[in-house]
Each structure stands twice: as structure tokens, then as C-alpha cells.
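Undergrad: Sending over a structure as C-alpha cells; questions will come in a sec.
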Amino acid sequence: MPNESSSKSSNTPAALLALRLLDVSLDGSVVHLRLNRPDKRNAINDALIAELHTAFANLPASARAVVISGAGAHFCAGLDLSELQDRSVAEGVLHSRAWHAAFDQIQYGPVPVVVALHGAVVGGGLELASAAHIRVAEDNAFYGLPEGQRGLFVGGGGSARVPRLIGVARMTDMMLTGRVLDAAEGHAAGISHYLVGAGEGTKRALELAHRIGANAPLSNFAVIQALPRIADMGQSDGLFVESLMAAIAQGDEAAKQRMRDFLEGRGAKVRKGS
Ligand code: 1HE
């Protein structure tokens, strides 16, 4: 369960305390990062991308999971359009690569990431959400890819990650027509794993993060690092890597202890509805 008192404790690394556009709090072993530019609807400028990168490169050793949420009425309005105007083609490529580097830190960082979505989850905001491992959406969330309307293309990993959630055909429709999915449509399409009431997203995300954080760290590592890579491989290669990963995970003392716990009646049973 989440701790009653979230805090910036003395365990918070100095690099995280220095962040300005990300509000950082520790909830026990869960690090909560809140996008904190509500007056700009949490639009992602260069500074915020750099802070996301810094945050994920400097998680405390005690971290078992991360929650990302957004301050104000919207999760994220995507790319900060005010920074785009004077960029050359070469600068544009490097800008996109900086987003890739930051979001790769999220997807392939040390611990699972749960994102709490509400209001606008658009453009780069949807790209950010798709880099997380678990998505909780409030029923006021909506999803759009207005890049087509703005004369842009996705540049934050969206063309690689979003089709893996909703398929190339749905993403094509969103980008060509500007179609906006509401929370229920986004849930049915595969964007969110959990759909909750307004104002309940962060609480549910923290609960899930604590539940995830209670797993053996090596199992979580295998799920976030090995599973997506195996899914991208041919079957024969994938099965070989699966065998290696399975043997590594089950050889770990944490796994052995958990198996003993179950066999000696201390482990939780698998129950419907859990
Ligand atoms: C912004 C941005 C932004 C708001 N960049 N400043 N993203 C978009 O095309 C989405 C553009 N934004 C919107 O459609 C709306 O702002 C929202 C639906 C998100 C929210 O609407 P609302 O009525 O609550 O807020 P607002 O009045 O539109 O905006 C409040 C302020 O935030 C205002 O600034 P102000 O100085 O006049 O108060 C807006 O200009 C500012 N703001 N969104 C800059 N995006 C790696 S490639 C990724 C490519 C993309 O992400 S393209 C999609 C960009």
C-alpha cells in the first residue's frame, strides 16, 4: 500500500532534488514524478525532456517502481510548439533523438513505470505514455495525435510504440484525420490497462506500483527488458532467449524463497479478481 506521507526525504538523490519541471516525491519504494508545467498543460520543452532523462538515470537504489502523472487539468499537451519555430532540419533530428534517449530510459530503465493519465494525452504526451509499462486512465482522458494538423510527424518514439498498443491502422486514422479517442475508446483500443473515475488515477497508479514493486526485482527486470525484445524477435531466437532469462530468474534467491513460501503454505494463492 502507498505510504501515508509522500515526501522528498533525505533518500532522494541530489540530481532529483534539482529538478524544476518535474515534481519528485518518494512514496516508500515508489518514486512519483509529476509533470509540473500546468500553465502550459505540461507541454514538453527541451528542459522537461532533459529532466525526464535525468530523473530516470538517477533513480534511488531503493526504487522498485515509478509513477508518472501530470499536474493540473491535463496529463500532457505534447511537444512545446513554441520551441519549434526556429529549428533547422539537423537540429530537428537531434531533438527527436533526445526524446528517444529520454523515453528509452523510461521503457528500458531499472524498474517498471506506471503512468496516470487524465485530460489531454496528446502528441508527445501519448508518446510518453506509451513508453511506460502500465497505463491507468481517468474517464476524462482523451487521446490525439495532432501532428498531422500541425505539419509534423511523431518524433518521440510514437511510430514504434503506439502501433504496438493500438495497431498501425488506428494510428494512421488518428494522424490523418485528427480523430480524438475518448477514455472509453482509448481503453477499448488498448491504450490504457485500467480505467478509473476522475481524480482516482494517481491513487490507483500508486497502488499498482506498490504491488508491482513487491515482485522479485529480477522478475520485473525480465518483464520490462526481456519480454518486449523477445516479442520483437523471430520465434526461434525468442524461445532461446526466453530459456536463458527464465533460468536466470529462477536461479535467483528471491525466486527460490518465494517458491519455498508457496510450497510451505505461506505464499498467496492465485484468486479470481485480484
Ligand atoms: C502550449 C501547448 C503546446 C498548450 N505547446 N504551448 N500538441 C498540440 O498540438 C496540443 C496543443 N494544445 C491543445 O490542444 C490544448 O492546449 C489542450 C487541449 C492541451 C488544453 O486546452 P486548454 O483549453 O486547457 O488550454 P489552452 O488555453 O489551449 O492552453 C493553455 C496555455 O498552454 C496556452 O498558453 P498561454 O501562454 O496563452 O496561457 C497555450 O498556448 C499553452 N499550450 N499546449 C506550447 N503543445 C517529439 S514530437 C511530438 C509532436 C507533438 O507533440 S505535436 C502535438 C503538439
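Undergrad: When SER82 is evaluated against the numbered criteria (1) among the small types (Gly, Ala, Ser); (2) in a helix (DSSP H, G or I); (3) at pLDDT 95 or above, which criterion, by number, is the only one it fails?
TA: Going through the list (1) among the small types (Gly, Ala, Ser); (2) in a helix (DSSP H, G or I); (3) at pLDDT 95 or above, SER82 breaks only (3).
Undergrad: (1) of a type in the set (Val, Ile, Thr); (2) surrounded by 21 or more Cβ atoms within 10 Å (Cβ to Cβ); (3) within 16 Å of GLY155 (Cα to Cα): which one isn't true of ILE68, the others all being true?
TA: Every listed condition holds for ILE68 apart from (3).
Undergrad: Report the residue count in the stretch 168-210 for those that are in contact with a Gly (Cβ under 9 Å, 6 or more places away or on another chain) and open to solvent by 20 Å² or more (accessible area, probe 1.4 Å).
TA: 11
Undergrad: Another question about this same structure. Pairs, please: C-beta under 6 Å, at least 6 apart or cross-chain, first residue open to solvent by less than 10 Å² (accessible area, probe 1.4 Å) and in the stretch 121-147, second modelled with pLDDT under 95 and away from the ligand (no atom under 12 Å from the Cβ)?
TA: Pairs that qualify, where the first residue is open to solvent by less than 10 Å² (accessible area, probe 1.4 Å) and the partner is modelled with pLDDT under 95 and away from the ligand (no atom under 12 Å from the Cβ): there are none.
Undergrad: Take the residues of the stretch 75-85 that are open to solvent by 40 Å² or more (accessible area, probe 1.4 Å) and more than 7 Å from the ligand (Cβ to nearest atom): which is nearest to ASP23 (Cα to Cα)?
TA: Ranking the candidates gives GLU83 first.
Undergrad: Related question: Kindly provide the set of residues from the stretch 99-119 that are out of contact with any strand residue (DSSP E or B) (no Cβ under 6 Å at 6 or more places or on another chain) and buried (at least 24 other Cβ atoms within 10 Å of the Cβ), ordered by number.
TA: TRP99, ALA102, PHE103
Undergrad: Does GLU127 satisfy the condition of being farther than 18 Å from PHE103 by Cβ, acidic (Asp, Glu) and modelled with pLDDT of 95 or more?
TA: So GLU127 does not fit the description; no.
Undergrad: Follow-up question, since we're still on this one. So, ASP27, is that one charged (D, E, K, R) and within 16 Å of the ligand (Cβ to nearest atom) or not?
TA: No; evaluated as a whole, the condition is false for this residue.
Undergrad: A follow-up question, please. Restrict the check to the stretch 211-221 and report whether at least one residue is surrounded by 13 or more Cβ atoms within 10 Å (Cβ to Cβ) and among the basic types (Lys, Arg).
TA: Checked against the condition, which is being surrounded by 13 or more Cβ atoms within 10 Å (Cβ to Cβ) and among the basic types (Lys, Arg), the stretch 211-221 yields at least one hit.
Undergrad: If we keep just the residues of the stretch 233-245 that are open to solvent by less than 60 Å² (accessible area, probe 1.4 Å) and touching a residue at least 12 places away in the same chain (Cβ under 8 Å), which is nearest to the chain's Cα centre (by Cα)?
TA: Selected residue: MET245.
Undergrad: In this structure, is LEU16 part of a helix (DSSP H, G or I), aliphatic (A, V, I, L, M) and away from the ligand (no atom under 14 Å from the Cβ)?
TA: Here the answer is yes, as LEU16 does meet what is asked.
The values are calculated or read from the model by the stated rules, or taken from the named source; none is laboratory data. Being a predicted model, the structure only gives us computed values, none of them experimental. Here Cβ is always computed from backbone atoms with ideal geometry, including for glycine, and neighbour counts include all displayed protein chains. We work out accessible area using only protein heavy atoms, side chains counted, and drop any ligands, DNA or RNA first. Shrake-Rupley method; radii C 1.70, N 1.55, O 1.52, S 1.80 Å.
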